[in-house]
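S.K.: Please find one structure pasted underneath; my questions will follow.
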Amino acid sequence: MNRNSFFLMLFVSSSILVSCDSKSDVRDAAKDSLNPEATAMTATATDPTAMPSETPSGPTTTVNFSEERFNFGTVAAGEKVQHNFKIKNTGKEPLIITNASSSCGCTVPEWPKEPIAPGKSGEIKVIFDSSGKSGAQSKRVTIVSNTNPPESFLYLEGDVSGAAPQGN
């Protein structure tokens, strides 16, 4: 075995050991970071460095959404619609939301960055920009968390009246 092969094998094996250790600490880190009096920070879907999009490893929990669909009625083209979906951790482990993404760039979700303790609640804020839209709209937001299944879906629905802006 030549020297370069030895160092390559050493690097790969040490990388595997380090990455395995970090995943096993997700639950412990989440529990340690829980503070019922702390205000939850949020991360936006437009900030790719905010949180990883992978499903958390470790124990799962359960979540209850106060509603999964919100009908905003009829808005004029160009209006922004905001709705806060209330969520509650109904399980026995901290709820860790790793990502929230929408079906198009006109819909932006914000979710709690910190783990939600068992029995506690939080909110997922969703903003829909109707600029350039017309007619019936249904926008899906995918929530990835340590639940089974790991994906949950929320929907903003309604109608956009008026013509979409046209270029000259």
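S.K.: At E157 and S57, where each label point lies 7 Å from the Cα along Cα→Cβ, what is the point-to-point distance in nanometres?
M.R.: Each label point lies 7 Å from its Cα, and together they span 3.9 nm.
S.K.: Please list the non-local residues whose amide H lies under 5 Å from the amide H of T147, H modeled 1.01 Å from N, same-chain partners needing a gap of 5 or more.
M.R.: The list, which skips near neighbours in sequence, is T61.
None of the figures in this text is laboratory data; all of them are computed from the coordinates on show. Only a predicted model underlies this, so the values are computations on that prediction, with no experimental measurement involved. Glycine also receives a Cβ, built like all others from the backbone with ideal geometry; neighbour counts cover every protein chain displayed.
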